[in-house]
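Only one structure is covered here, and it is reproduced in the block below.
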Amino acid sequence: MKKLFVLLALLLASFTLMGCQEKAPEEASNILTFDHLNGHGTVVERKAYILFEYEMRDYVKYQIAYVACTCRAPEVNYWKVAYVEIKKSDSSLQMISFGEDGTGHYTAGFWGDSNPVPETEATLEAFETQFIPWLIGKTSSDLDGIEVFTNGTYAGGIKNTKPIAETDLIDTFTGASVSTNNMIRVMKVLLQYHENNYTK
């Protein structure tokens with residue numbers, strides 16, 4: 001009986017030790033990496049997190065969280081949460097909202113940024129009625145070559161390889177470059193993620 005007890009104790013110890021073996025860390029599939037751009041032209045690799053993903057018949061719903069502005073004091077440097085719908089047929093942006101979802105019954109987004117953006121007239125309403133509609137319908141291919149929301153040279157010598165036709169829209173959001181540039185960059189990585197997972 002004593003030998004049986006010792007044998008069981010050894011087996012239990014070996015199973016416990018096997019469970020403690022370190023596993024190589026795996027990157028979670030809901031973590032995306034994008035090149036965050038600040039107002040001085042400094043690019044820093046940052047994470048964006050897919051908080052919610054749900055496949056519908058014709059499109060996929062997402063909530064994605066990211067930090068756009070890093071110039072604010074840490075105690076008010078809140079994260080943005082974008083509610084995004086991407087079509088399955090052509091992998092294009094169908095909806096972006098920092099408020100209600102497509103049903104209008106649920107608040108799925110959160111702006112988390114200044115309103116208005118300091119030293120500009122760029123309010124959340126302006127983003128919703130002017131800038132976001134510019135993004136709607138765009139695919140990863142459409143945004144390829146667009147790194148900044150300007151046709152000029154951005155701080156740090158960053159330039160697009162594809163021009164933006166809507167120059168009047170660029171003028172409206174000139175002082176809100178951190179918000180526009182990083183929204184473009186986050187949408188690009190989300191579109192790529194969508195293509196990798198839902199393109200047949």
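The values are calculated or read from the model by the stated rules, or taken from the named source; none is laboratory data. Note that the structure is predicted; figures quoted are calculated from it, not measured. Cβ: placed from backbone, ideal geometry, glycine included. Neighbour counts: every protein chain shown. Surface areas here come from the heavy atoms of the whole protein model, side chains and all, with no ligands, DNA or RNA. Shrake-Rupley method; radii C 1.70, N 1.55, O 1.52, S 1.80 Å.
Between Glu75 and Glu125, what is the FRET efficiency for a Förster distance of 25 Å, r being their Cβ-Cβ separation, to the nearest 0.05? List each step's numbers first, then the result.
Numbers: r = 26 Å, r/R0 = 1.03.
Working from the Cβ atoms, E equals 0.45.
Leaving ligands, DNA and RNA out of it, report the carbon-plus-sulfur percent of the accessible area of the chain at a 1.4 Å probe. List each step's numbers first, then the result.
On the way: 6470 of 11700 Å².
Carbon and sulfur atoms account for 55 percent of the accessible area of the chain.
What number comes out for the charge environment of Val117, summing +1 per Lys or Arg and -1 per Asp or Glu over other residues with Cβ under 14 Å away? Could the numbers behind the result be given before it?
Numbers: positive: Arg72, Lys80; negative: Asp113, Glu119, Glu121, Glu125, Glu128.
So the environment of Val117 carries a net charge of -3.
In debye to the nearest 20, how big a dipole does the chain give about its Cα centre with +1 on each Lys and Arg Cβ and -1 on each Asp and Glu Cβ?
With only Lys, Arg, Asp and Glu charged at Cβ, the dipole is about 1100 debye.
Can you give the FRET efficiency to the nearest 0.05 for Phe110 and Met56, using r as the Cβ-Cβ distance and R₀ = 30 Å?
Values: r = 22 Å, r/R0 = 0.73.
For Phe110 and Met56, the calculated efficiency is 0.85.
Any chance you could run the full-extension gain for Ala165 through Asn30? It's 0.36 nm times the residue separation minus the Cα-Cα distance, nm to one decimal.
Here the segment from Ala165 to Asn30 would lengthen by 45.3 nm.
If contacts are Cα pairs under 8 angstrom and at least 6 residues apart, what is the relative contact order of the chain in percent?
Dividing the mean separation by the residue count of the chain yields 18 percent.
For the residue pair Tyr198 and Asp144, what label-to-label distance in nm results when each label sits 7 Å from Cα along the Cα-to-beta-carbon direction?
Between Tyr198 and Asp144, the label points sit 2.0 nm apart.
I need two numbers for the chain: Rg to one decimal and Dmax as a whole number, Cα atoms only, in Å.
Gyration radius and largest Cα-Cα distance of the chain: 22.4, 87 Å.
Give me the Å³ per residue figure for the convex hull around the C-alpha atoms of region 88-200.
Residue-normalised Cα hull volume stands at 117 Å³.
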